[in-house]
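I have placed the structure first, in the form of structure tokens, so that the comments after it can refer back to it.
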Ligand code: HEM
């Protein structure tokens, strides 16, 4: 059961209890949020060989940022994150300079107990919906040693993470991050994590053929600033000495092996937010002339993550057991195939399949859907009898299925923190969600499958069944995100 106590999300607030809203990022460093798509005649990131000795031509073609000059500043930043490494970082900094990034706290003990407590440190849109950080790196990490981690290794990991918290403000303007642990990590202790069911990932639909991810740990770095996620990654692995001008007190070197920069199964990158998908339609999986709206945060051209279609952080926080205050995370690697979405489906079909057919009928969605305000408008006409709606319209909406079948006390069961990607030169989406238990993820995904609708309506296993037809899931992983105090190589039974 979920107990929605606001106090569980104990992030810092000002004296009046008002949440801290991050200010606008400064304008003069590596590409920053909201900047115009102005042509940039600079060399591409990675054009010169640098500290890691990799020149742009050494990158496989699908990982080169672009072959043309005139790449936008926004595109430049995203491309640099995708390439990664010291060369791309220095190209980014050389081109855009070292503008100010807000510093972190002197005492990391003042940060929220939950690593996943990000909400009050995110930017807001015009309707006060929370905006995900624009740039993301996810690293799947393996420990270099066997067996139960040593106290020394634990201290090293904690010191390295505290260095990041002192270097960058805990916000989208600075850096937000989490570290989580996979079932494989807990095998070292011959025990399951106390009080948390953490299953190995499995296929979640009859048509799925996935590779399970089995690293020890997963690190998620997120910021509105591409240079910040890149620098934090480099600093953690000792490739640069300082983060935001502050020396690192320890690094992951010797404890975690550095993931190969070119291996997109272990180093995943992406972006979300207005302008970024529109800038990156030149990849496989999206028709070249796809009308991706400049205001759309995602390749599929709709806004996602309304205030009322996300669970609260207290709702997704583990309430009891050794890991109380933490949460669980699911991460899947999804390949998008948007040819038909853009070339055969019309606007009404897209609105119907993403939201609900009534939304299409009544023209409820303008552009990417910012007009909807703070929720997606799933009223009784959409959710009361989804089977009847599917029979009547011959299709069912993605949101519609889950709003009807995967809510508790009117709240979705998870917080979605997913983002688009061009890893592998292909449009994709890294679906990253946090929920109190992996069972909540499973319940949500089962609702999304809409299996019960396929016998009684024209809806197929994937055809006309929300957006299932437009993507395939390649890899899945389940993780425990311990509370901050236990994040560094925790025991199974703290
Ligand atoms: C290509 C992948 C996906 C895209 C582009 C996408 C996009 C969207 C959009 C635009 C909405 C409606 C706006 C909103 O309420 O935020 C939505 C709702 C939602 N999506 Fe997805 N989604 C994707 C995959 C998934 C997956 C894999 C899950 C989890 C199993 C999921 C869970 C949800 C939930 C829980 C809601 C809200 C339902 C409610 O209102 O109760 N989505 N998604």
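The values are calculated or read from the model by the stated rules, or taken from the named source; none is laboratory data. Only a predicted model underlies this, so the values are computations on that prediction, with no experimental measurement involved. For neighbour counting, all protein chains shown are included, and Cβ atoms are generated from backbone atoms with ideal geometry for every residue, glycine included.
What number of residues in segment 359-376 are in contact with a helix residue (DSSP H, G or I) (Cβ under 8 Å, 6 or more places away or on another chain) and either buried (at least 22 other Cβ atoms within 10 Å of the Cβ) or at pLDDT below 95 (or both)?
Total meeting the criteria: 4.
Does residue 387 satisfy the condition of being touching a helix residue (DSSP H, G or I) at 6+ places or on another chain (Cβ under 7 Å), more than 16 Å from the ligand (Cβ to nearest atom), over 26 Å from residue 313 (Cα atoms) and modelled with pLDDT of 95 or more?
Yes: the conditions hold for residue 387.
Which residues, taken from segment 391-442, are within 12 Å of the ligand (Cβ to nearest atom) and in a helix (DSSP H, G or I)?
398, 399, 400, 401, 402, 403, 404, 405, 438, 440, 441, 442
What's the number of the only condition in (1) part of a loop (DSSP other than H, G, I, E, B); (2) surrounded by fewer than 18 Cβ atoms within 10 Å (Cβ to Cβ); (3) within 16 Å of the ligand (Cβ to nearest atom) that residue 469 fails to meet?
So the condition that residue 469 fails would be (1).
Within segment 296-317, restricting attention to residues that are more than 12 Å from the ligand (Cβ to nearest atom) and touching a helix residue (DSSP H, G or I) at 6+ places or on another chain (Cβ under 7 Å), which residue is nearest to residue 328 (Cα to Cα)?
It comes out as 317.
Enumerate the pairs (first residue in segment 332-354 and farther than 24 Å from residue 425 by Cα; second residue anywhere and assigned to a helix (DSSP H, G or I)) with beta-carbon separation below 6 Å, excluding pairs fewer than 6 apart on the same chain, so at least 6 apart or on different chains.
348/360; 351/359; 351/360; 352/360; 354/398
How many residues are free of Cβ contacts under 8 Å to residues at least 40 places away in the same chain and either under 21 Å from the mean Cα position of the chain (by Cα) or part of a helix (DSSP H, G or I) (or both) if we restrict to segment 123-181?
Within segment 123-181, residues that are free of Cβ contacts under 8 Å to residues at least 40 places away in the same chain and either under 21 Å from the mean Cα position of the chain (by Cα) or part of a helix (DSSP H, G or I) (or both) number 2.
Could you list all residues from segment 362-380 that are in contact (Cβ under 8 Å) with a residue 24 or more places away in the chain, more than 9 Å from the ligand (Cβ to nearest atom) and more than 19 Å from residue 299 (Cα to Cα)?
373, 374
Hey, does segment 453-462 have a residue that's surrounded by fewer than 22 Cβ atoms within 10 Å (Cβ to Cβ), within 16 Å of the ligand (Cβ to nearest atom) and farther than 29 Å from residue 271 by Cβ?
Within segment 453-462, one or more residues are surrounded by fewer than 22 Cβ atoms within 10 Å (Cβ to Cβ), within 16 Å of the ligand (Cβ to nearest atom) and farther than 29 Å from residue 271 by Cβ.
With the condition kept exactly as written, say whether any residue in segment 443-466 is in contact (Cβ under 8 Å) with a residue 40 or more places away in the chain, in a strand (DSSP E or B) and closer than 28 Å to residue 154 by Cβ.
No, segment 443-466 has no match at all.
For residue 482, state whether it is more than 15 Å from the chain's Cα centre (by Cα) and under 24 Å from residue 217 (Cα atoms).
Answer is yes for this residue.
Looking at (1) farther than 22 Å from residue 461 by Cα; (2) crowded, with 24+ Cβ neighbours inside 10 Å, can you tell me which one residue 428 breaks?
Failed condition: (1).
Applying the selection to segment 327-346, what residues are away from the ligand (no atom under 13 Å from the Cβ) and closer than 30 Å to residue 177 by Cα?
Residues satisfying the conditions are 327, 328.
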